[in-house]
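Asker: Let me begin by handing over the structure; questions about it come next.
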Amino acid sequence: MSSWRSGKQTNTSKFYTEGQIASILKKCSVSVGGEIDSHYLIFCPFHYNTNTPACEIDKQSGLFICFSCGENGNLEDLVMRTTNRNYFEATRLIKSSEDTTDISDIVNTTLDTQLEMVEFDEFTIKRLHNNLMSSDRAMRYFEYRGIREAAMSDMMLGYSDKQDMVTVPVHDPFGMCVGFVGRSIEGKAFKNSVNLPKKHILFNLHRVKFSNLTVVESSFDAIRLWQCGIPAVATLGAIPSKAQTELLNRYATKILLCPDRDEAGKKMVERVSSNCTKSDISIVEIGDVKDVGDLSDEQIKDIWKNSLNSNIVAI
């Protein structure tokens, strides 16, 4: 057998079962889009690959190659790079998959069932944004929440005067707007655009993917962190869905959890820590405030500046 790594042909004598390869792909959150006799067709985890699987992995040798970006290697390489494991941890994961017997079940649950997302009307987003920029009331509300005018413009935040509600556009991982989330200025009423695929997206992911991602619940909190130079995404709900944890597995180089200080925040920590395969998951300690939105920009920057010290607790 030979490896494609760096274009060089190197020998390998390792062999795996078809079920073992399928099980490992599932554990690494690598989406399978199809299969042929000798290979699984997978969506490449190393570049923006969503429509048609561009990568193949041999069912017997575990060698993979992407015919779009050129990434290639062996099974250990794939495990190490998609899960942040070292070589020995990767070999243990591979070893633990040897006893897989129900191949069809694994393949069926691993085969990619990507949600077909529909692009939201761009005119509506622009209209809502123009409404915001001409409304002192709406702009004051965002400023009260610590969101600056530059972020309002960069993120095309908006305002519906009929419903007296501010709006935040939401995108898929590749930057296509799929709708918006809205919140009333008075009270605490929420309303999203129709058919928003909230459980299948992470707010702001398209701007910050392939970074050390801070995970928060609220889009407002994610905006606050982002405007302070901190890559952040929001789950738009207390408990991340399976699809959202798979996005974290795929696009985060490290996960920093910044939960609200309530029961829902505890559930977020539990869900992410039990469903994400990243070996480096930490909790950001924000003191006695309920959530990060209660901090000033200076406090936010200080906490993340000292994130390698006592403010970060590994889980």
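Asker: Which one, 132, 156, 179, is farthest towards the positive end of the dipole of the range 116-197 when Lys and Arg carry +1 and Asp and Glu -1 on their Cβ?
Answerer: Positive-end residue among those listed: 132.
Asker: Rank 277, 52, 235 by mean-square fluctuation in a GNM of the chain with C-alpha springs under 10 angstrom and give only the top-ranked residue.
Answerer: Judging by the Gaussian network model, the answer is 52.
Asker: Further question on the same structure: Less than 11 Å Cβ to Cβ from residue 219, Lys/Arg counted +1 and Asp/Glu -1: what total charge do the surrounding residues give?
Answerer: Details: positive: 145, 183, 198, 224; negative: 217, 221.
Result for the neighbourhood of residue 219: +2.
Asker: Quick one: putting +1 on the C-beta of Lys and Arg, -1 on the C-beta of Asp and Glu, what dipole do you get for the range 195-315 around its Cα centre, in Debye to the nearest 20? The partial results should precede the final answer.
Answerer: Working: 16 positive and 15 negative charges, 129 e Å.
Charge dipole, the range 195-315, about its Cα centre: 620 debye, nearest 20.
Asker: I would also like to ask the following. Can you tell me which of 227, 299, 244 moves the most in a GNM of the chain? Springs connect C-alpha atoms under 10 Å apart.
Answerer: 299
Asker: Read through the labelled values [x] 68, 45, 35; [y] 71, 50, 38; [z] 84, 56, 37 and report the label of the one computed as Cα extents along the principal axes in Å from the structure.
Answerer: So the calculated entry is the one marked [x].
Asker: Say we join alpha carbon atoms closer than 10 Å with springs in a Gaussian network model of the chain; which of 26, 254, 162 then has the biggest fluctuation?
Answerer: Largest GNM mean-square fluctuation: 162.
Any read-out appearing in this document is the output of simple, stated calculations on the displayed coordinates, not a laboratory observation. Keep in mind the model is a prediction, meaning the values are calculated, not measured. So basically every Cβ, Gly included, is an ideal-geometry build from the backbone, and we count neighbours across all protein chains shown.
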